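Read through the structure below, which is laid out as structure tokens, and then see the notes.
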Amino acid sequence: MISAEEYELLAGEAVTRAVAENRDRDPVAVALDARVPHARLVATQVKYLARAAAKLPTYAAAQCILPPLAFEQASSERCALRKRIGGDAVLDLTCGLGVDAFALSRRFGRVVTLERDPVLACVARENFRRLGISNVEVVTSSAEAYLSRTQERFDWVYADPDRRSATGRKLVRLEDCSPSVPALLPAIRRVSDRLCLKNSPLFDVDEALRLFPRSRVEVVSLDGECKEVVVYDDGTGPALTATALGSDDRSFTARPGAAAPSPGAFDPDRYRWLTVPDAALQKARLARLHLAEKADIWSDNGFGFSADRPEDVIGRVWEIAAIEPYDPRRLKRELKGRGATILKRDFPLSADEIMRRTGLRPGDEVRLAFTKIDGRFWTVRLK
């Protein structure tokens, strides 16, 4: 985290101007340039503003202050803007860099966001000023202290707890995160009947429904990578949703425990198309339900197979050239040294180990998918 002295420099006119003048340069060159005031500080901002162009484009365009640790822990704008809540007032328990509060400011008339670190609170206020946002109030306070004293009611409470321990270890259990939402639930219920809770992509959806049995749980992916598990605890569930954000945002919703049809025996001769369900479907354990009547799929972690090209699926679809039993020696004789794109689902070997055993290397000359169905290992050659 940046110091109070560094913040004063970053918010000052000289460093702000230097950052603007050097944004198109290599950060290393900026850091070594004696003509640049506070060159290393400026270089760090240049580096993270370049990275923010994809993750936080609005922050990058406004040349916001980006402390490295806060940037790494921040939500992406695409995911933050996905939160489906709105109303007159919301309490955000976990400000950080303020990306979620920025998104919430578009859906609520008033946002109160809490940041216990006084320097990061100053950073958030300055960034909201640069973004032209006037309906966000940054309060320097812990969630515990604020909830113990406030008498205000909110339409929603939002929380994205810190999932790193003091030593930097990743935390998954809600009870271990900061603030501990389970410990604060009585205080949260006193100020709002509705809670929106963002969790790590590692968080189990069954655990979410166990802790919040009347909630809607949404698994969100971005460009094929699972990013977060969001709990909407507002009494409208239970429901599970898989949402894939990308060039074409798509969602699929089902009730927990809904049964998927059995695909029967695997017949490699009849399949011409392979579907790779999106990571959000896989995480939400909704792949089989989503592909029902579109493709045969034997597990929520597997591939879908179909005789005809499936339509309206959340995931990637590949045309099959051949399906054959997995035989690394044969693959090595035929393909050794060629560049390969490797896909795998329900397969015990890593992509690196598959390449080692078959003599392949990373590339795009051939495309191969590997899976296990009914106790047998298969290689799928893709066109």
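The values are calculated or read from the model by the stated rules, or taken from the named source; none is laboratory data. All values derive from a computational prediction rather than experimental measurement. Cβ coordinates were reconstructed from backbone atoms using ideal geometry, including for glycine residues, and neighbour counts include every protein chain displayed. Remember, those area values only see protein heavy atoms, side chains included, never the ligands or the DNA or RNA. Shrake-Rupley method; radii C 1.70, N 1.55, O 1.52, S 1.80 Å.
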Check whether at least one residue in segment 315-333 is open to solvent by 20 Å² or more (accessible area, probe 1.4 Å) and of a type in the set (Phe, Trp, Tyr), and report yes or no.
-> yes
Which ones in segment 6-63 are open to solvent by 20 Å² or more (accessible area, probe 1.4 Å), in contact with a helix residue (DSSP H, G or I) (Cβ under 8 Å, 6 or more places away or on another chain), closer than 30 Å to residue 246 by Cα and assigned to a helix (DSSP H, G or I)?
-> 27, 44, 47, 48, 50, 51, 53, 55, 57, 58
For segment 269-295, enumerate the residues that are assigned to a loop (DSSP other than H, G, I, E, B) and either touching a residue at least 40 places away in the same chain (Cβ under 8 Å) or in contact with a helix residue (DSSP H, G or I) (Cβ under 8 Å, 6 or more places away or on another chain) (or both).
-> 271, 272, 278, 285, 286
Criterion violated by residue 219 - all others in (1) crowded, with 22+ Cβ neighbours inside 10 Å; (2) on the phi > 0 side of the Ramachandran plot; (3) of a type outside the set (S, T, N, Q) satisfied = (2)
Scan segment 179-212 residue by residue and report those that are without any contact (Cβ under 8 Å) to a residue 40 or more places away in the chain, farther than 20 Å from residue 104 by Cα and in a loop (DSSP other than H, G, I, E, B).
-> 180, 202, 203, 204, 212
Residue pairs qualifying under the 7 Å Cβ cut-off, at least six apart or on distinct chains, with the first in segment 238-259 being closer than 18 Å to residue 79 by Cα and the second being among the aromatic types (Phe, Trp, Tyr) and surrounded by fewer than 16 Cβ atoms within 10 Å (Cβ to Cβ), are none
Is there a residue in segment 124-132 that is at pLDDT 95 or above and under 22 Å from the mean Cα position of the chain (by Cα)?
-> yes
Lone unmet requirement of (1) over 17 Å from residue 283 (Cβ atoms); (2) buried (at least 23 other Cβ atoms within 10 Å of the Cβ) for residue 187 | (2)
Of all residues in segment 334-345, how many are under 25 Å from residue 267 (Cβ atoms) and open to solvent by less than 60 Å² (accessible area, probe 1.4 Å)?
-> 3
